Structures are given as structure tokens and as C-alpha cells.
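See structure below.
The values are calculated or read from the model by the stated rules, or taken from the named source; none is laboratory data. These numbers come from a predicted model, not from an experiment. No Cβ is skipped: glycine too gets one built from the backbone with ideal geometry, and neighbour counts run over all protein chains shown.
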Amino acid sequence: MLKRMMIMLGMVGVVFGGLAWFVNFRAGLIRNALAALADPPQTVSTTTATTSEWQPKLTAVGSFRAVNGADLALQLAGIVDKIHFESGKDVEAGEVLLDLHKEDDVAKLQSLQATADGFGVTLKRDQGQLKINAVSQATVDSDLVNQRNALALVAQQQALVEQKTLKAPFSGRLGVRQVDVGQYLSAGTTIVTLQALDRLYVDFTLPQQAVDQVKVGQEVNARVDSYPNQTFKGQVQAINSKVDQTSRNLEVRAIFDNAARKLLPGMYVLIDLAVGKASRYVTLPQTAIVYNPYGNSVYLAVKGDAGKDGLVARQSVVQTGLTRGDQVAVISGVEQGATVITTGQMKLRNGTTLKVDNTIPVANDANPKPVDQ
């Protein structure tokens, strides 16, 4: 009887022990599930911290303009008689481009020339008569004055005739013709533009703090959106002798050779002026930096603690430096080769488990180009 009771008590103990194990096992599952729900893995993108060379530079904007460039016009009014050029052609200095009607002016010039010739004949005859005392010295002096006056009128009329002919003041390329044959032109009406394209200026301004960083002869680089993959090199030609009192900016002029004629006056240009020595810094996309009033930081993706699989987030305070395009230089706080989180930082804290998804690339261009929408 006692033996049967012992067996029954043993069976009851086994049953209760099994129930206790089951309850504890289920509670563990529930705790793990709740923990997973409370701190699920967060999806982020990452990049590997690399170093690159950083050259300090000053950036400015300006416009190209020709060393010699002008909108050609005549200082006299008249009707267009002949046009001797075609739009867009290269011309040499002194080449005739346009004539106004000038028949009346030429006829008047011929009349004045004839009068001057007559006074010359009279002067020569009276000078001969003076030698034999046939005329007085006063007569010869009067003849001389008359001849000089007549020649001055001839020169005046000759200049008037020449002012009705347009000539190229320098060699260069013509623009689009703005007038037609038979058209009446007022004085000063633009006929065509002429630009010397072999060399171009760029005038730009820099803050007064850059006064000791800019020198005549210093190399400058120019970028224009017409040639996004090309940089044009020039030199600082002149620095203004004063700082503008309103803007506190310094005006600088650079000159560029343009033998290939790719650049045109009026083009918008970005100027880069290298200053100081180049340095190497850890370079990250700007999206990797968490900017805060109390200091900047990044989140690193590191291996979890012992017994914890996968990657976890760890915050690191950083000191940032220069920026260029989508990139920022990191002076301290990130080592080369570290895995840095570039998106998704707002939902992270130290120890958050991570799920990395780099299918969508993060902007990381040193010289990004705007995309037309």
C-alpha cells in the first residue's frame, strides 16, 4: 500500500514538474517575442569610410567677357548702301563691314578739293610774282591762308565721308547682323557685335578675408555647364587696388586662353581658386552626419556583444571640416575602414540591431550637377 502511494506521488511530481517547465518555456517565448517587438532590427544604409585628398579652395561666380569686344555702330545717321560681311564670320582689323549712302558727301569733298587746288595754283603764281615785286607780301600771305583753310575743309569732309564706312576696329568674330540694305540708321544704332575670342576675361569677387590668399599669376579653374566634364585653366591677371566699401568684397580679374573657341563672352562660370596645401581626410556623405546644437555625430555599424548576432548601432561624436558637394571631411571621430550608417539614423540609439539595405545609393558626389526637371 505504501509502495503504491509512493508511485502515485512520483507520478504527480512528474506531472507538476512538466507543467512548470512548460509554463516557464512559454513565458520565455513570450518574453523573447515581446523583446523583439520592442526592439526590432532597423533598416539602414551604410558606407565604408575612406580617405581622400582635400584641397582648400575659394569659389566664386562670374561671366566670361572678351579681352576686346564691342557692339559696332556708326556715329553718323544714314541709309545702308552696302553690307560687306556675313553673320558669324571672322574678320581682320581694318576690314570694311558696311557703307552708308555718301554720294553727296563725296561730291562735296571733290568740290572742296577743287577749291583747295585753285588756291594752291593762285598761291604758287603770286609767289612767283612776288619775286619781281609784281604783288605784295600781303597778297601772298592771304593766298596761303586761303589754301590752308581750303585744305582744312577738305580734311573735315574727308573725315565725314570715312565716318559713313564701318570698319572692324580689331580682329575677331562677328555676331548676328542687325541691319539690312536700304534701312535708315540713326547715329549709334548697333549694326553687329564683334568679339575677339582668342583670350577671355572673367571678373569675380572674393571676400576681403581672401586678400592675402590671392596673388597675380595664381592658377584658377573655371567650370561651365556647357562642358560639365571639362575644366578650363587660367591665371589671375589683376587684383583691384581697393575693397568695395559696401560689400567688403575684392574684385579679381582672371584671363583664359581660348584657342579652341569653346568659350563665349557672356557665359556663366564657376571659378575655383586653390589656396593653401592639400590634406587627406576621412570623407563621408553629408547624410551620414547627425547635426545637433551640442555637437555632431555619426552612427557606426559594429558587431554585437557576445551572444548577440548581427550588427548593432554605436554613436560616435565627430568633428567635421570642409564640405564639397555631397561630401564632408571628418577630422576626428571616424577611422578609415569603419562602416558608417548613411540613412535611417533618426530611429537609432546605441545597441539598436540593424538590417543593412544598400540597394538605393546615397548621394556622394564631390561636384554634383543639377538635373533639369
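List of remarks:
- All told, residue 314 falls short of being surrounded by 14 or more Cβ atoms within 10 Å (Cβ to Cβ), within 30 Å of residue 210 (Cβ to Cβ) and among the basic types (Lys, Arg).
- Evaluation of residue 229 against the conditions (1) under 29 Å from residue 241 (Cβ atoms); (2) outside the structural domain of residue 92 (by TED's automatic domain parsing); (3) surrounded by fewer than 16 Cβ atoms within 10 Å (Cβ to Cβ) shows that the sole unmet condition is (1).
- Residue 94 surrounded by fewer than 11 Cβ atoms within 10 Å (Cβ to Cβ), touching a residue at least 24 places away in the same chain (Cβ under 8 Å) and small (Gly, Ala, Ser): yes
- Test: residue in segment 198-206 that is touching an Asp or Glu at 6+ places or on another chain (Cβ under 7 Å) and assigned by TED's automatic domain parsing to the domain that holds residue 75: no
- Out of 61, 106, 80, one residue alone is within 29 Å of residue 181 (Cβ to Cβ), part of a strand (DSSP E or B) and under 54 Å from the mean Cα position of the chain (by Cα). It is 80.
- Cβ-Cβ contacts under 6 Å between residues 6 or more apart (or on different chains), taken from a first residue in segment 315-338 that is touching a residue at least 60 places away in the same chain (Cβ under 8 Å) and in the same structural domain as residue 351 (by TED's automatic domain parsing) to a second residue that is crowded, with 18+ Cβ neighbours inside 10 Å and part of a loop (DSSP other than H, G, I, E, B), are listed as 334/49; 336/49; 338/49.
- In the set 118, 94, 78, only one residue is in contact with a His (Cβ under 7 Å, 6 or more places away or on another chain) and of a type in the set (Gly, Ala, Ser); that residue is 78.
- Of the numbered criteria (1) touching a helix residue (DSSP H, G or I) at 6+ places or on another chain (Cβ under 9 Å); (2) free of Cβ contacts under 8 Å to residues at least 12 places away in the same chain, the one residue 290 fails is (2).
- Where strands (runs of 3 or more DSSP E) fall wholly inside segment 231-340, no range has 2 or more residues that are more than 21 Å from the chain's Cα centre (by Cα) and aromatic (Phe, Trp, Tyr).
- Looking across 212, 257, one residue alone is at pLDDT 90 or above and over 30 Å from residue 164 (Cβ atoms). It is 257.
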